[in-house]
Each structure stands twice: as structure tokens, then as C-alpha cells.
Amino acid sequence: MATPTQAPTNVPQEPDPFYYDYDTVQTVGMTLATIFFLLGIFIIISKKVKCRKDDSSPTCKSCKSELPSSAPGGGGV
């Protein structure tokens, strides 16, 4: 603790580790959110297109559970 009789020492100031450039943080956050949003939409659409393309094929694993003939009780004709 400095008293009036002591001269204050000049300690080099370290940069504050918790200082953020909020404009950059906001820009990067919005960019990443947009990329992940579009990636998610692309994945959903690609699975639906793949399923529709292979819908007539009995090897379509993702659509097979939706077909009535693939029910465990033999729901087909």
C-alpha cells in the first residue's frame, strides 16, 4: 500500500486478457451461425433427396422403416 511519503512505482501494464473487440466477435459469431445453419439445411435436404431417389429400391435403409411391407408383423400383402 502506498503512503504519501512513498513514490509510486511504475509497473508495466499488462494487456487485459478479458478485453474483446465486440464487433469482431459479433461478426465471427454471425458468420459461423450462418455456415452451420446452411450446413444443417443442406444435410437435411440431401438425406431427403437420397431417400426419394432410392425410395423404389428395397435397400433404402432410411426409408425402409416407413414402408408398410417392412413392418415387423409382416404388414405387407
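What follows draws every value from the coordinates through simple rules; no lab data is involved. Computed from a prediction, not measured in an experiment: that's the story for all the values here. Using ideal geometry, Cβ is built from the backbone for each residue, glycine included, and neighbour counts are taken over all protein chains shown.
Of note:
- Here the peptides 15-27, 33-45 are ranked by packing, the mean other Cβ count within 10 Å, and the order with the highest first is 33-45, 15-27.
- Extension gain for Q13 to K47 (0.36 nm times residue separation, less C-alpha to C-alpha distance): 6.7 nm.
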